[in-house]
1. Run the 1.4 Å probe and let me know the accessible area of residue 88, rounded to the nearest 10 Å².
2. I need to check one value: relative contact order of the chain, counting alpha carbon pairs closer than 8 Å and at least 6 residues apart, in percent.
3. Quick check for you: which residues of the stretch 51-74 have the amide N under 16 Å from the point 7 Å beyond the Cα of residue 35 toward its beta carbon?
4. Would you mind getting the accessible area per residue of the chain, heavy atoms of the protein chains only, 1.4 Å probe, in Å²?
5. Measuring from label point to label point, each 7 Å out along Cα→Cβ, what is the residue 96 to residue 118 span in nm?
6. Ignoring solvent entirely, what values of log10 I(q)/I(0) come out of the Debye formula for the stretch 1-55 at 0.29 Å⁻¹ when each Cα is a single scatterer?
7. Per residue, what volume in Å³ does the convex hull of the Cα atoms of the chain enclose?
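The values are calculated or read from the model by the stated rules, or taken from the named source; none is laboratory data. None of these values were measured; they are calculated from a predicted model. As a convention, Cβ positions derive from the backbone with ideal geometry for all residues, glycine included, and neighbour counts pool all protein chains shown. The area values use the complete protein model at the heavy-atom level, side chains included, leaving out ligands, DNA and RNA. Shrake-Rupley method; radii C 1.70, N 1.55, O 1.52, S 1.80 Å.
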Amino acid sequence: LILVDGHGIAHPRRLGLASWVGVQSGRPVIGCAKAPLLRHQTAAGQTRGDISWVWDDGEIVGAALVTQDHVKPVFVSPGHGISLSAAITTVLELASTARVPEPLRHADQAARACARGQRPPGVSFWGEIGTGVE
């Protein structure tokens, strides 16, 4: 399973980054974005697990999912090879302590550290990529 910081089918063209990655890799992919590209039904609520559906042409294509009490929702949509209900369940399980699921949160932290020229948290080596230099 691949989790992508972006949209799957909840995209104006029904082919967001998560969909493209899934088609290219042949693996199941979930899109989990911080902002919507399509309208969603209503406010998602304030309690962990609350959902507001994301619609396109009268069809549900994603969900605004509240992952923590009293925080903004994340926008979940299947990218490839996974159902919306399985995508919602997976994202909720992976977002145990923060709004954004842990794998995406750690990847974002690592990318920001690299951009500052620092060692990403949890990385046991630091050097040029692909050289094995520590």
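1. 20 Å²
2. Working: 296 pairs, mean separation 27.2, N = 134.
With pairs under 8 Å counted, the relative contact order is 20 percent.
3. Counting only backbone N, you get 72-74.
4. Dividing the accessible area of the chain by its residue count gives 57 Å².
5. Once both label points are built, they end up 2.5 nm from each other.
6. So the normalised log intensities are -1.10.
7. 121 Å³
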